[in-house]
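Coordinate-derived values only; no laboratory data. Here the structure is a predicted model, which is why all the values come from computation and not from measurement. Positions of Cβ are backbone-derived with ideal geometry, glycine not excepted, and every protein chain shown enters the neighbour counts.
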Amino acid sequence: MRFVIIGGDAAGMSAASRAKRKDPDMEVIVLEQTQDVSYSACGMPYNIADPERDMDKLVVRKAEVFIDKNHINLLTGHRVDKIDRVSKKVAGKTSDQKDFSFDYDKLFIATGASPILPELSGFDLPQVMTLKSLEHGKTIKSYIQAKNVKKAVIIGMGYIAIEMSEAFRKRNIETVMVKPRSEFLPWMAKDLAEIVRKELTENDVKLHPGYAIQQIVSQEHGVSVECDNLSLEADMVLVAQGVNPCSDMAKDAGLELGISGSIVVDRHLKTSDNDIYAAGDCADAFHLVTGQRCYIPLALRANRAGWAVADNICGTRTSLQGVVGTSVFRAFSLEIARSGLNVEEALDAGFDPVENTVKTRSRAHGHPGSKPIYISMVGDRKTGRLLGCQMVGKEGVAHRINAIAVALHNHMTVADFSQTDLAYAPPFSPVWDPLLTAANQLVKKLG
């Protein structure tokens, strides 16, 4: 069997390695358009923050290792442009513009996602950058050094934007964030979003929500981001307004697309073609709380899905339950986490959501170093089911959210979750863990 994989990052290389482990005689070909494979993209903001750290430290495994040790035919600098489902071929060009094509028995599309760039004047200027690939990270880091960047504008206020605001400030770069929508973090409970907003402003990050961007204009020194009634000068601009799935090639091949233009896959990661699979940031997933399809591009799903594709290719029928959107990120000293649905998402999914927010402590009463933890928990009034949770605090948040993820995977009610036997020791938690306090209060509100 010839197993061809388009894309050599998380999902693609996970599938390639697992397929060769399970069937060493299988011919596995990976076609990657860049020169980089298997790297920690999530670590890029923290690497950029430290001028002494080499960006190549984020590479988990070099291409040569996959080739020499795993015997994978890994071809970097190979961009696939077309999938021919009738003849079962993929074709494209190398980085030096040479044509190539490969037959396949089974095909795996792991093309990832690309940053959203507005179709406005000036977004193609060399001072305007995005952060998705390792090459992007290297470009940003070298540009900061070479141009002695003092001022940066970030367009967007999501995960990457906030992480990069911290990275810029650690490099003593004056940082301004701007976006068209008026709400700072629209997916977050307002009380918790205000805490994050305050953390950013206290670290000298200037926020301008509610300003539509008109254009970016080149100046003698740097650029100017022109908005409605606002002009922001900068040495560089980072566009961080989210991502779109790289699914155009799949669409051109006639594969079914779904939410946000992602490739539709079943629970075995199979597309609408029986011989083609897709996973990672280009594909959709099932949400375990709603039971509906969703597009939530996160790293764990990509790696897990790559394994599942390889299992299915090798004859071990494997399905994935789905996702609940568990995520965590840092804003300076704050840990910010979420899992499941917020109130608006719950309403859209047909639930009758009830939300409650509590403020508690990260450690036992009287134990030194305790920090506030703010928790917003959502349950369904009709069934009592736990629907989601958001948390913000300076310690004890990042790993605590995993308990919520487990509860959501198991469709627990808020009342059942309030009875879970969570660990206690004064340096780590009050007797009543913050999550139990939040659940107990929500049980009362649910009636």
* Asked: So how far apart, in nm, are the two label points at HIS136 and GLU220 if each is 7 Å from Cα heading toward Cβ?
  -> 3.3
* Structure fact -> Output for segment 342-447: trypsin sites (Lys or Arg not before Pro) sitting in coil per DSSP, at most 12 other Cβ within 10 Å, listed by number, reads LYS382
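Classify the chain as rounded, prolate or oblate from the Cα gyration tensor: take a ≥ b ≥ c as the square roots of its eigenvalues, call it rounded if a/c is under 1.5, otherwise prolate when a/b beats b/c and oblate if not.
oblate
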* Asked: For PRO427, what is the net charge nearby, where nearby means another residue's Cβ is under 13 Å from its Cβ and Lys, Arg count +1, Asp, Glu -1?
  -> +2
* For segment 93-194, run through the chymotrypsin sites (Phe, Trp or Tyr not before Pro) and keep only the ones in DSSP coil with at most 15 other Cβ atoms within 10 Å of their Cβ. => TRP187
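When the helix-only estimate is applied to the chain (DSSP H runs of n ≥ 4, each -39,500 (n - 2.57), divided by the residue count), what is the mean residue ellipticity at 222 nm, nearest 500 deg cm²/dmol?
-7500 deg cm²/dmol
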* Structure fact -> From the Cα centre of segment 98-158 to that of segment 195-261, the distance in Å is 12
* Structure fact -> By the Cα gyration tensor axes a ≥ b ≥ c (a/c under 1.5 gives rounded; else a/b larger than b/c gives prolate, otherwise oblate), the shape of segment 292-396 is oblate
* To do: With 23 Å as the limit, write out which pairs from LYS82/LYS270; LYS206/LYS394; LYS198/LYS444; LYS190/LYS371 have Cα-Cα distances beyond it, or answer none.
  => LYS198/LYS444
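Just check segment 200-241 against the gyration tensor rule for me: Cα atoms, a ≥ b ≥ c as the square roots of the eigenvalues, rounded for a/c under 1.5, and otherwise prolate or oblate depending on whether a/b exceeds b/c.
Because a/c hits 1.5 or more and a/b fails to exceed b/c, segment 200-241 counts as oblate.
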* Signed unit charges on C-beta, dipole axis of the chain, positive-most listed residue PRO45, GLN215, SER95 -> PRO45
* Asked: Quick one: if the Förster radius is 41 Å, what FRET efficiency do LYS251 and LYS382 give, using the C-beta to C-beta distance and rounding to 0.05?
  -> 0.60
* Structure fact -> From the Cα centre of segment 359-420 to that of segment 341-357, the distance in Å is 16
* Net charge contributed by nearby residues that have their C-beta within less than 9 Å of VAL328 (K/R +1, D/E -1) -> +1
* Would you calculate the separation in nanometres between label points at SER114 and ALA423, each defined as 7 Å from the Cα along the Cα-to-beta-carbon direction? => 4.5
* Asked: When Lys and Arg each count +1 and Asp and Glu each count -1, what net charge do the other residues less than 15 Å away from GLY112, Cβ to Cβ, add up to?
  -> -4
* Could you name the lysines whose alpha carbon sits less than 16 Å from that of LYS20, not counting residues in the same chain fewer than 8 places away? => LYS69, LYS106
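If exposed GluC sites (Glu not before Pro) are those in a DSSP loop with at most 13 other Cβ within 10 Å, what is the longest stretch of the chain that has none?
257-447
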